[in-house]
Amino acid sequence: MIVGIAVIFGLLIGSFLNVVIYRVPNHQSIVWPASHCPACKAAIAPRDNIPIVSYILLRGRCRNCGTHISARYPAVEALTGILFGIAAYEFGLSLRIVSALVLIAVLIVLSGTDLDHRLLPNVIVGPAALIGFILSVIESPSWWWIYLVSAVGVAGFLFVLALVYPGGMGMGDVKMGGMLGTFLGPYAALAVFLGALCGALIGGLLMAAGRIRRRSALPFGVFMAVGGIVALFVGPGLWQAYLRLIGGA
Ligand SMILES: [Zn+2]
C-alpha cells in the first residue's frame, strides 16, 4: 500500500523534476509560468500533464503543434516513481524516508542538469546540503558531527583530486560530494567510490569505442548520483556484510 502511494507520488514529483531540470540552468522560475510546449509555447492542459499516461496517449507529441517531445520526460517520471517505491519498501514510514526521497529527487535533478549542461547548480546543491544535514541531525542527533565530518571529508578529498587533475573534475563535483556527506554520512565515501568506478568503466568503454577522447568529457555528477542511490539503499547492508566477513575470518 505505502509502496503504491510512494510510486504515484514519485511519478508526480518526477513530472516537477523535469521542469526543474529544464528551467533552473536557464535561470527561469520553477513555478511560473505553468508547463508549456518548448516549441510552440502552448500551455499544457492538466489532462495532457498526467505523468507517463499523457505521453503514451499523445504518442510523444505536443497536442497543439505536433512537435516530438523527448522520451526523457516520461523516463524521469518513471525513474522517480520506481526509486520512491523502493525507498518506501526499504524504509517504510520513518524519518529516514523523508531524507531518502529528498536525496533521490536532488540526485535526479543534478543528473539531468549535468547531462544537459555539465552543470551542478549551486541553487540546488547548497539548499540540498542544508536540508540533508538538518534531516540527518533530526534523525540521529548524537551523530551530528559524523555527518559534518563526512561532508567536509568527502568534499576535501574531491577538492584535492580536482587540484591534482585539473579538468577531470569541477568544483560542482566537490560541492556535490559534500552534499552527499550530509545525507549519507560515511556512506558518501562509498557513493564517490562507486561513482568513480562506474565512470572509469564507462569512460574506458567509450574511449575504446572511439566515442570520446578524454575521460573528462564525462559528467562525473551523474556517476556520483548513481553511486549515491546505491549507497543509500545498500550502503549499511554492505558495511554489515563486510564486518561479518572480517569478524568471521
Ligand atoms: Zn507545441
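Observations
- Number of the exception - THR182 against (1) out of contact with any Gly (no Cβ under 8 Å at 6 or more places or on another chain); (2) at pLDDT 95 or above; (3) among the β-branched types (Val, Ile, Thr): (1)
- Sub-8 Å Cβ pairs linking a first residue in the stretch 51-63 that is over 22 Å from PHE9 (Cβ atoms) to a second residue that is part of a loop (DSSP other than H, G, I, E, B) and away from the ligand (no atom under 14 Å from the Cβ), at least 6 apart or interchain, are GLY60/ALA71, ordered by first then second residue.
- Looking across the stretch 28-59, the residues that are away from the ligand (no atom under 16 Å from the Cβ) and of a type in the set (A, V, I, L, M) come down to ILE30, VAL31, ILE50, ILE52, VAL53, ILE56.
- First in the stretch 25-43 and in contact (Cβ under 8 Å) with a residue 12 or more places away in the chain and assigned by TED's automatic domain parsing to the domain that holds HIS68, second anywhere and more than 16 Å from the ligand (Cβ to nearest atom) and assigned to a loop (DSSP other than H, G, I, E, B), Cβ under 6 Å, 6 or more apart: PRO25/LEU119
- Output for the stretch 121-150, where each listed residue is over 15 Å from GLY181 (Cβ atoms) and among the aliphatic types (A, V, I, L, M): VAL123, ILE124, ILE138
- Taken as a whole, the condition of being within 15 Å of the ligand (Cβ to nearest atom), of a type outside the set (A, V, I, L, M) and either in a loop (DSSP other than H, G, I, E, B) or within 24 Å of the chain's Cα centre (by Cα) (or both) does not apply to PRO25.
- Residues in the stretch 66-103 that are more than 18 Å from the chain's Cα centre (by Cα) and within 30 Å of ALA42 (Cβ to Cβ) were compared, and the one that is nearest to the ligand (Cβ to nearest atom) is THR67.
- In the stretch 105-128, the residues that are outside the structural domain of PHE220 (by TED's automatic domain parsing) and closer than 16 Å to ALA75 by Cβ form Cβ pairs under 8 Å with partners that are among the aromatic types (Phe, Trp, Tyr) and crowded, with 23+ Cβ neighbours inside 10 Å, at six or more places apart or across chains, as follows: ASP114/PHE220.
- Test: residue in the stretch 163-178 that is within 24 Å of PRO121 (Cβ to Cβ), of a type in the set (Phe, Trp, Tyr) and part of a loop (DSSP other than H, G, I, E, B): yes
- Of all residues assigned to the stretch 139-149, none qualifies as being closer than 28 Å to TYR22 by Cβ, at pLDDT 95 or above and crowded, with 19+ Cβ neighbours inside 10 Å.
The values are calculated or read from the model by the stated rules, or taken from the named source; none is laboratory data. Given the structure is predicted, the values throughout are model-derived calculations rather than measurements. Here the Cβ is made from the backbone with ideal geometry for all residues, glycine too, and neighbour counts use every protein chain on show.
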